[in-house]
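The values are calculated or read from the model by the stated rules, or taken from the named source; none is laboratory data. Predicted, not measured: the structure shown is a model, and the values here were computed from it. Heads up, the Cβs are rebuilt from the backbone with ideal geometry, glycines too, and the neighbour counts pull from every protein chain shown.
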Amino acid sequence: SKMKLSFARKEDEALLFTASSSSSSFPKDGGGNILAIGLCDVAGAGVRALKSLTTSRESGGKQLKRRDFELKFTDENGGDLVGKMIGNKNGEKETDKEEEEEEEEDDISALERAIFVKTSDDGEALEDAPAVSLVQFTDDAEENNAVVLSCLAINVMVPERDEASACHAVVRFVREHLENCARKIVFCAAMKLERGVTRGDAEKDVYCFGESETVENEKLTRLDEKATRVRDGLLKGLISGSRCAFGSENVSGIVVPGFAVPRVGGSEMEMESGETANRLERIVGETFKGLGVSASGNAKNFRATKTWWKTKEGA
């Protein structure tokens with residue numbers, strides 16, 4: 001079944017177009033006009049890092065504005081992806097089966113359910129989160145609100161059988177709505193990396209792959225892509241889909257090592273994943289600081305509403 005990435009509010013689409021012209025203050029091949037993409041990766045780092053970026057005051061006077069758009073996966077015509085009802089015909093849940101039914105909940109509803117929700121310091125949920133967020137940082141000094149950086153945060157767990165459709169929907173959205181302001185695509189993710197990554201030494205383990213000029217940062221080590229197994233089906237599909245659609249020379253990534261969280265609710269592993277998200281946010285903020293954005297340090301304040309990474313056999 002074909003899926004589409006749509007605006008949650010129709011009027012946002014028009015708003016987006018008014019600001020999608022690219023900035024004349026950047027050379028065509030230079031900085032700016034970057035689209036960063038993050039998802040619910042193994043440690044839930046990409047989505048949280050990108051949702052937490054903020055405008056920075058230290059960028060030599062350029063004050064950017066941040067705008068948020070809510071997106072959602074829909075069917076081809078923009079209609080809802082309807083999950084099947086849980087429970088028996090009378091709509092009553094049978095208590096003994098409730099647990100396993102929770103597990104078997106129809107996958108389609110997973111595409112509508114945000115994983116990470118912002119919480120206050122005492123853990124209270126602050127707001128409902130959209131399934132997919134598009135955050136844009138615009139330079140209003142330009143006549144037409146040039147978009148300097150766009151961040152696409154995919155805040156849902158995409159079931160394996162829907163990965164291909166979701167990738168297709170994302171690439172299509174970028175082509176239809178962000179073509180003018182996304183010359184370079186940068187994936188920001190945590191990945192489970194095999195070699196030589198120790199938990200205690202994580203500070204210096206930050207990697208990049210792909211085209212290097214967009215992610216210039218001397219802290220980043222080149223990732224050996226041939227020797228790296230990408231276990232994340234959605235990430236893998238989006239990287240190859242973007243390379244096909246927009247050219248390999250325009251696609252790069254920033255990667256930190258991360259580990260899966262078997263259960264949520266305040267476990268130590270969950271806290272550790274929050275630190276991983278913060279580390280990714282910090283390195284992304286540093287890498288893009290020339291654009292006028294910085295890390296807020298809030299990535300770890302996004303808490304998971306449910307587990308998002310099903311550990312597959314052998315993964």
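General observations
- For the range 256-281, a residue qualifies if it is crowded, with 19+ Cβ neighbours inside 10 Å and either of a type in the set (A, V, I, L, M) or part of a helix (DSSP H, G or I) (or both), and the qualifying residues are VAL256, ALA260, VAL261, GLU270, SER273, GLY274, THR276, ALA277, ASN278, ARG279, LEU280, GLU281.
- Check on ALA245, at pLDDT 90 or above, under 23 Å from ALA129 (Cβ atoms) and not hydroxyl-bearing (Ser, Thr, Tyr): no
- Restricting attention to the range 231-256, the residues being within 16 Å of the chain's Cα centre (by Cα) and in contact (Cβ under 8 Å) with a residue 24 or more places away in the chain number 15.
- Filter result (at pLDDT below 85 and of a type in the set (A, V, I, L, M, F, W, C)) within the range 130-162: ALA141, ALA146
- Flag if GLY292 is under 30 Å from VAL148 (Cα atoms) and modelled with pLDDT under 90: yes
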